[in-house]
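Just below is one structure, and these are the notes that go with it.
The values are calculated or read from the model by the stated rules, or taken from the named source; none is laboratory data. Being a predicted model, the structure only gives us computed values, none of them experimental. Glycine gets a Cβ as well: all are built from the backbone with ideal geometry, and neighbour counts include every protein chain shown.
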């Protein structure tokens with residue numbers, strides 16, 4: 001596999017953020033490479049809901065029709081399942097702009113969504129290296145050299161080197177590694193660990209997306225494609241350890257983390273219990289994390305960060321895919337209009353960071369406040385009281401999270417199909 005290749009941009013990671021950037025840049029005439037460590041299709045820990053504000057962007061990326069043909073039902077109601085309480089309110093619809101013509105958001109499994117996006121990138125001329133892992137990035141004159149290694153190869157197999165002026169880090173924030181853009185990983189008792197599963201045969205109303213709260217964590221559920229219910233959640237590391245320890249003593253043996261999480265949700269959240277009473281698990285539970293919410297640097301030394309490596313909201317607001325798609329689009333806009341040379345790229349990086357914060361900082365902060373309420377002592381009880389007396393609080397919260405906020409730059413004719 002040992003060889004070299006030169007591109008205008010190298011994108012590390014083929015999730016929604018990476019492929020959004022790759023598609024937009026390729027359609028501007030850039031020579032783009034994607035490095036993706038996993039073979040597709042593959043499942044991911046993700047809520048899988050995409051709000052209606054993104055549908056015009058999916059059209060621009062060339063997968064809108066395919067997405068509509070595959071995704072689950074329109075989500076017209078938002079809810080709260082907490083203890084014995086089940087409260088519902090209308091999902092806000094976009095009031096103006098392209099999103100207003102697209103109705104409501106829907107959910108699609110990441111095994112399908114990511115494959116649609118990557119296939120579109122290939123069709124647009126993006127060179128895809130998969131399954132390959134980026135193992136080092138080094139400065140090479142005015143370019144950067146990215147050394148990659150086939151993940152399916154033998155440990156001693158030589159890899160290859162890709163060179164480009166621009167690196168887009170779209171590898172996510174959950175997995176540590178040797179790249180400068182990858183985050184360090186420390187184990188803390190307060191860490192939030194993510195879990196995800198699909199079920200079939202659920203009793204969840206098809207147009208409802210409820211927030212779940214339970215001691216030590218929160219989550220959500222939504223009906224996605226092919227009748228699959230997607231449930232995703234976060235739980236504190238210390239709470240999970242106590243749950244597993246208690247079950248292990250009760251059984252006299254090891255208890256898998258996912259089983260402890262499922263039992264905990266079913267025991268403490270009636271709405272989830274009712275929705276899953278006759279449902280069947282479709283594939284294994286997945287786990288990931290810890291989740292690292294917060295806003296990070298979007299640009300540094302010719303590396304642009306997109307997706308949750310640039311900034312991560314608590315998944316309590318179900319905006320992860322939206323932020324990923326839109327951040328990839330934003331970085332392509334700024335790079336596409338940048339002056340040549342390193343100074344031009346640095347100016348594009350500053351503009352990108354500024355527009356990222358304008359678009360996403362409010363929802364990141366709102367998600368943090370809501371998560372603190374859900375996880376703090378007495379917070380869930382207060383949330384229940386407020387929502388029970390003012391159900392439209394759920395509608396307001398969905399709007400505050402960015403579900404109706406239009407994606408900037410879609411009128412740029414240079415990026416049209």
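What tally of residues in segment 290-301 results from selecting those that are more than 23 Å from residue 196 (Cα to Cα) and touching a strand residue (DSSP E or B) at 6+ places or on another chain (Cβ under 6 Å)?
Of the residues in segment 290-301, the ones more than 23 Å from residue 196 (Cα to Cα) are 295-301.
Imposing the further condition that a residue be touching a strand residue (DSSP E or B) at 6+ places or on another chain (Cβ under 6 Å) reduces the set to 295-296, 298.
Adding up the residues that qualify gives 3.
Return the residues of segment 286-312 that are under 26 Å from residue 260 (Cβ atoms) and assigned to a loop (DSSP other than H, G, I, E, B); say none if nothing qualifies. Talk me through it step by step, then tell me what you get.
Keep residues of segment 286-312 that are under 26 Å from residue 260 (Cβ atoms), which gives 286-293, 308, 312.
Passing the criteria: 289, 290, 291, 292, 293.
Taking the stated definitions as given, is residue 304 farther than 27 Å from residue 105 by Cα and within 19 Å of the chain's Cα centre (by Cα)?
yes
Residues that are modelled with pLDDT of 95 or more and more than 27 Å from residue 381 (Cβ to Cβ), at least 1 per element: which strands (runs of 3 or more DSSP E) completely within segment 195-282 meet that?
217-223, 229-236
Please enumerate the residues belonging to segment 84-109 that are touching a helix residue (DSSP H, G or I) at 6+ places or on another chain (Cβ under 7 Å), modelled with pLDDT of 75 or more and either within 20 Å of residue 383 (Cα to Cα) or not in a loop (DSSP other than H, G, I, E, B) (or both).
Within segment 84-109, 84, 85, 86, 87, 89, 90, 91, 92 meet the criteria.
Could you look through segment 145-159, keep only residues that are farther than 15 Å from residue 11 by Cα, surrounded by fewer than 17 Cβ atoms within 10 Å (Cβ to Cβ) and touching a strand residue (DSSP E or B) at 6+ places or on another chain (Cβ under 8 Å), and pick out the one that is modelled with the highest pLDDT?
151
Given the conditions (1) in contact (Cβ under 8 Å) with a residue 24 or more places away in the chain; (2) surrounded by fewer than 24 Cβ atoms within 10 Å (Cβ to Cβ); (3) more than 19 Å from residue 125 (Cα to Cα), report the number of the one that residue 40 does not fulfil.
With respect to (1) in contact (Cβ under 8 Å) with a residue 24 or more places away in the chain; (2) surrounded by fewer than 24 Cβ atoms within 10 Å (Cβ to Cβ); (3) more than 19 Å from residue 125 (Cα to Cα), residue 40 is out only on (3).
On the given criteria, is residue 331 assigned to a helix (DSSP H, G or I), more than 26 Å from residue 92 (Cβ to Cβ), in contact (Cβ under 8 Å) with a residue 60 or more places away in the chain and within 22 Å of the chain's Cα centre (by Cα)?
Details: assigned to a helix (DSSP H, G or I): yes; more than 26 Å from residue 92 (Cβ to Cβ): yes; in contact (Cβ under 8 Å) with a residue 60 or more places away in the chain: yes; within 22 Å of the chain's Cα centre (by Cα): yes.
Criteria met by residue 331.
Return a yes/no flag: does segment 383-402 have any residue that is under 15 Å from residue 210 (Cα atoms), assigned to a loop (DSSP other than H, G, I, E, B) and in contact (Cβ under 8 Å) with a residue 60 or more places away in the chain.
The answer is yes, given that some residue of segment 383-402 is under 15 Å from residue 210 (Cα atoms), assigned to a loop (DSSP other than H, G, I, E, B) and in contact (Cβ under 8 Å) with a residue 60 or more places away in the chain.
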